[in-house]
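The values are calculated or read from the model by the stated rules, or taken from the named source; none is laboratory data. Quick caveat: nothing in here was measured; it's all calculated off a predicted structure. FYI the Cβ positions are ideal-geometry reconstructions off the backbone, even for glycines, and counts take in every protein chain you see. With ligands, DNA and RNA removed, areas are computed over all heavy atoms of the protein, side chains included. Shrake-Rupley method; radii C 1.70, N 1.55, O 1.52, S 1.80 Å.
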Amino acid sequence: MRQFTRQITVPTRGKGFYEVTRETCSWVESLGIQEGLLTIFLRHTSASLLIQENADPDVVRDLETFFSRLVPEDNKLYTHTMEGPDDMPAHIRAALTQSQLSIPIRRGRPALGTWQGIYVFEHRRRAHQRIIALHVLGE
């Protein structure tokens, strides 16, 4: 078994989805690992990771709209408000989604489905530099 690590910085421009599929898959393919496991970990508490459809942009727009309704920015609802009205909702959204993904590697590539993409889901209004830690274990 061999293992590899890498860090990716994802600049965000505020709330929304930022696809990292191409960069992630290119790195995995460059390693020469035929079978194994890719772990992706987001090192933040107010953003998250999702595998979601990347063929129709309406999918991620609808998800953003849904989460805005599900977890509104309303300071009357939360005690933690020191960092702005979007901070506590961002933490709740992150708690409802994921900070880590595991994707099998088959035949030298992450085994994503035809329409699946890997996204950072930014929950804060302002721009951030989100850091993703990648780890591959395989042979």
Within segment 53-73, residues among the small types (G, A, S) and either touching an Asp or Glu at 6+ places or on another chain (Cβ under 6 Å) or exposed (fewer than 11 other Cβ atoms within 10 Å of the Cβ) (or both) come out as A55
Matching residues in segment 16-35 - criterion: being within 14 Å of N54 (Cα to Cα) and small (G, A, S)
G16
Looking across segment 112-133 at residues that are touching a Leu at 6+ places or on another chain (Cβ under 9 Å) and surrounded by fewer than 19 Cβ atoms within 10 Å (Cβ to Cβ), the single one that is farthest from E29 (Cα to Cα) is I131
T45: modelled with pLDDT of 95 or more and under 27 Å from G113 (Cβ atoms), yes or no?
no
Which of the residues spanning segment 80-111 are farther than 25 Å from T45 by Cβ and open to solvent by 30 Å² or more (accessible area, probe 1.4 Å)?
P104, R106, R107, R109, A111
Check whether at least one residue in segment 29-38 is of a type in the set (D, E), open to solvent by 70 Å² or more (accessible area, probe 1.4 Å), part of a helix (DSSP H, G or I) and touching a residue at least 60 places away in the same chain (Cβ under 8 Å), and report yes or no.
yes
May I ask you to list the residues in segment 39-52 that are hydrophobic (A, V, I, L, M, F, W, C) and open to solvent by less than 60 Å² (accessible area, probe 1.4 Å)?
I40, L42, A47, L49, L50, I51
Any idea how many residues of segment 1-28 are of a type in the set (S, T, N, Q), in a helix (DSSP H, G or I) and exposed (fewer than 15 other Cβ atoms within 10 Å of the Cβ)?
1
